[in-house]
Amino acid sequence: MEGANKDILKFVRKVRDRMHMTFILEFTVKALAIALGIYLVLAVLSRFVPIYNAYFRGVVLAGVLTTSGFLISLFMTPKDKSAAMLLDSKGLNERTLTALELLGDSSAIAMLQREDALERIRELDLKKEIKIKFPKKLSLISGVLALLIVVSGFIPNPMEDRAIELNRVKKEITRQQKEVDNVISKVEKNNKLSTVQKKEAEEALLELKKELSKAQDLKETEKALQRTENKIDMLRQKYTDKDLDNIIEAFSKNEATKSLAEMLKRADTAKLKKELEKTAKELKGLNEEQLKELSQNLSELAKNLSQNPELAEAFYELSQKMSSGELGDMQNEMSALGDQISSLMENDEFSKAMEEVIEQLKNSAAQNQGQGQGQGQGQGQGQGQGQGQQGVGQGQAGGSPAGGAGSGTGGDSEAQSPQGSGTGLGNKKPSSGDVRDYEKVFTPSLLGGEGEKSQLQGGKNNEGQTKEYIVDNGLGIKGEMQPYNQILGEYKEKAFQSIEGTQIPQGMQDIVKDYFTSLED
Amino acid sequence: MNIQEKDVRDAYDIVKSMEEEIGKAIIGQKEVIRQVIIGLLSGGHILLEGAPGLGKTQLVKTLAGVMDLSFSRIQFTPDLMPADVIGTNILVKDEEGHSTFEFHKGPVFSHLVLADEINRATPKTQSALLEAMQEATVTAFKTTYELPGPFMVMATQNPIEMEGTYPLPEAQLDRFLFKIDVKFPSLAELKGIVDLTTSNAETEINKIADGNKILDMRRMIREIPIAQPVLSYALKAVMYTHPENADAPDIAKKYIRFGASPRAAQAIINSAKVRALLEGRYNVSFEDIRYVAYPALRHRVFMNYEGIAEGMSTDMIIEEILHRAEEQM
């Protein structure tokens, strides 16, 4: 009985193995056919939709799918029952299936059944009846698909460049997002910032990250970076107190307070109070004139401390004491002064941290432009005009962000060589080479400051006389029509500077800032 | 039961001999003969349906002749009474002159009972067979009498002369193991029938087996194993005759009014085992199930008016049901 059971199992396993082999072949080739189908779709699709490296991806996909198919099929061993049923389908009429179920059954009928089943199975040529089939049809389909893919590779792909560009943009965005993460982490680790400051900075940076993920091209990422720079700058300005500079300046004017000024410059909060106490003692040694001078300085300083009325009051009281010569115990005044100045210095820390952030963002943007199209240029424009006796020289030079000198040629019929000097205005920001048409606005050449001198040299011929005019601030064109995007940054900067120096409520300042920021969108 | 290979071979030989003997008297109708033998060895009753003159009655008479069994024939007519079938008490006088009732056994007290044209009797009379067919007993006047074993009812009915007939109720039909359609013979078979019945040649029928042998064979056949997938196939086939079954084929859902009872599953399995033996196997195959499913389900699947109006046959529905059961394997 034992032998019959084993024989039944042996035959069933033999059939099962052959089934498994067939299954592995079929499953793997099927996976290959499906993979090649997807590959072909990808190849065709890449003609209409920009898909980066479509062919390489197709190869990887086909490889992965086929290998997966093979590996999966290796572990999908058919069951003995399925093998028995397959064997029975060769005219055994469920003899094997029944025998398999009766394995171990020692009843007379079970033994008879098993012997009968074995007898019939032995009559079968298993290799002939249960062949390992190679999936010819699927293989043929796979071959045709592979051929189509190869043929499609020779057809020019109009989307290839676009796909490469998009991929580059994607990589760039990812890089920038990492940079932003890096900046966020730095902000978080900065112990000098308060929780509120960190939160505000992080919000702006997270917003940038979000915008970057939505960006479709590099221009959008640049805009997002610029917007965030502005936001961070506004944050910086929010916490920046120019009164500290005023105090340093005022302290630097007097010998007695010069060391205090140095201390403030170094932002050494720890030593500030000691230095103040030391200065208080030194004040007692000053003569009346020196005290008066110091008192006047401090009084003027108090007037300039518009943003810090408490500090102004402290300086004012100190100046009053000095002018009256009542320099008794000044510990309280100095202590109050020390606290107020320390507070200012803390804000200054934030300002510095934010400047770092801005710097990093600028670096990121610069890398973006540098790595980008290879077309990012600093472009400056200098215009100068020289006037000879009757001739006019005019020149333009490009290249330097600071503006440049132009060379002019004399146009005079009497061949006078003109020579002149001109001023040039350099745009601060480099052009990204965008060809978009922006509305043009009139731009005064000397917006908010003085232009720089530049020499305009003309060639000298042998005839006529030569005269030279030295012109300050340039002559001739005082402005020109320029696309607004080229001058917006400069206008914004001037506007921000302007509202800083004016006593305008913070809310109104924000409205102006928001307006300029929105123009950049 | 300890079965020896010899027993199985003997049984196989007996069945083959029976087929041969019956074949002497019945020309053609091989499948009908085989199904009748399957019914006999399964311990079921058989309803033969066919036009007049196709040899239904002759087949039953021959079968009785082949086996050493008692045989009685009841011609069912509208005026036939239950007592005419099962028997009745009659008043008899004993030796001392006292009158007493004595049960006079009816024709049902035989091994083989031919209920000829069963649908011509009233339902009341038809129902007299219910207990006999199910329990192999007869109860009359508060006394239950056992019928001799093996007991088998073979009924015939004519499907074309429906006037004045009483279709068998569902409960009665369910008691029949098989309903066998007796088809018109082929030309060659018809010639053989004519040759046999229009000459003076006499056919000698040999008795092959007695009642005890039949009972032994029945017991042995029940031992034949059936694999789970095969059993499952049979049970699914029965389940799918029920239109309310979600997996039933559309044709079943559309045209069946009532599906088969659990007796159908018993009938299929028992008869499939016999069929396996007839095929010289010790196990039941899918083919056995397919073979016996038609006669076992044919009278247990009740079509609705739509099915009847559209000319559907139960065999067509059974075919679809078997397909569905195969799909669900």
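The values are calculated or read from the model by the stated rules, or taken from the named source; none is laboratory data. Since we're looking at a predicted model, the values are computed, not measured. Here the Cβ is made from the backbone with ideal geometry for all residues, glycine too, and neighbour counts use every protein chain on show.
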Legend entry - Filter result (surrounded by 21 or more Cβ atoms within 10 Å (Cβ to Cβ) and within 17 Å of B:Leu277 (Cα to Cα)) within the stretch B:34-54: B:Gln35, B:Val36, B:Ile37, B:Ile38, B:Gly39, B:Leu40, B:Leu41, B:Ser42, B:Gly43, B:Gly44
Inset, instruction - Of the conditions (1) in contact (Cβ under 8 Å) with a residue 12 or more places away in the chain; (2) within 14 Å of chain B (Cβ to nearest Cβ); (3) closer than 26 Å to B:Met329 by Cβ, A:Ser73 clears all except one; give me its number. - result: (2)
Inset, instruction - Restricting attention to helices (runs of 4 or more DSSP H) lying wholly within the stretch B:58-150, give those where 3 or more residues are among the aliphatic types (A, V, I, L, M). - result: B:82-86, B:130-135
Legend entry - Failed item, numbered, when B:Glu326 is tested on (1) closer than 15 Å to B:Ile226 by Cβ; (2) within 14 Å of chain A (Cβ to nearest Cβ); (3) of a type outside the set (A, V, I, L, M): (1)
Legend entry - Condition broken by A:Glu101, with the remaining ones in (1) farther than 19 Å from A:Lys10 by Cα; (2) buried (at least 21 other Cβ atoms within 10 Å of the Cβ) satisfied: (1)
Inset, instruction - Given the conditions (1) away from chain A (no Cβ under 14 Å); (2) farther than 24 Å from B:Ile26 by Cβ, report the number of the one that B:Ser271 does not fulfil. - result: (2)
Legend entry - Given (1) farther than 20 Å from A:Leu25 by Cα; (2) out of contact with any Lys or Arg (no Cβ under 7 Å at 6 or more places or on another chain), number of the condition A:Ser82 does not satisfy: (1)
Inset, instruction - Starting from residues that are within 19 Å of A:Met159 (Cα to Cα) and out of contact with any helix residue (DSSP H, G or I) (no Cβ under 8 Å at 6 or more places or on another chain), keep the ones in the stretch A:48-62 and report whichever is surrounded by the most Cβ atoms within 10 Å (Cβ to Cβ). - result: A:Val49
Inset, instruction - Kindly provide the set of residues from the stretch B:89-144 that are within 23 Å of B:Thr165 (Cβ to Cβ) and among the basic types (Lys, Arg), ordered by number. - result: B:Arg120, B:Lys124
Legend entry - Those helices (runs of 4 or more DSSP H) lying entirely in the stretch A:81-150 with at least 1 residues facing chain B (nearest Cβ under 9 Å) and more than 60 Å from the chain's Cα centre (by Cα): A:95-101, A:108-122
Inset, instruction - Sort through A:Leu36, A:Leu40, A:Leu32, A:Leu92 and tell me the only one that's under 23 Å from B:Ser285 (Cα atoms) and either crowded, with 19+ Cβ neighbours inside 10 Å or in contact with a Ser or Thr (Cβ under 8 Å, 6 or more places away or on another chain) (or both). - result: A:Leu92
Legend entry - Complete set of residues in the stretch A:1-34 that are touching a residue at least 60 places away in the same chain (Cβ under 8 Å) and not hydrophobic (A, V, I, L, M, F, W, C): A:Asn5, A:Asp7, A:Arg13, A:Lys14, A:Arg16, A:Arg18, A:Thr22, A:Glu26, A:Lys30
Inset, instruction - Report, ordered by the first and then the second residue, all pairs with beta carbons closer than 7 Å, sequence separation of six or more or different chains, a first member in the stretch B:116-129 that is over 11 Å from B:Gln157 (Cα atoms), and a second member that is of a type in the set (Gly, Ala, Ser) and not in a loop (DSSP other than H, G, I, E, B). - result: B:Leu129/B:Ala115
Inset, instruction - Might you let me know whether the stretch B:6-15 holds any residue that is of a type in the set (D, E, K, R), under 17 Å from the mean Cα position of the chain (by Cα) and at pLDDT 85 or above? - result: no
Inset, instruction - Filter the stretch B:218-256 for residues that are within 14 Å of chain A (Cβ to nearest Cβ), touching a Leu at 6+ places or on another chain (Cβ under 8 Å) and either without any contact (Cβ under 8 Å) to a residue 24 or more places away in the chain or under 25 Å from B:Glu5 (Cβ atoms) (or both) and give the result. - result: B:Ile221, B:Ile224, B:Pro225, B:Ala227, B:Val230
Legend entry - Scan of the stretch B:7-20 for residues that are more than 9 Å from chain A (Cβ to nearest Cβ) and under 14 Å from A:Asp116 (Cβ atoms), ordered by number: B:Arg9, B:Tyr12
Inset, instruction - Taking B:Ile180 as meeting all but one of (1) among the aliphatic types (A, V, I, L, M); (2) within 14 Å of another protein chain (Cβ to nearest Cβ); (3) touching a strand residue (DSSP E or B) at 6+ places or on another chain (Cβ under 7 Å), write down the number of the exception. - result: (2)
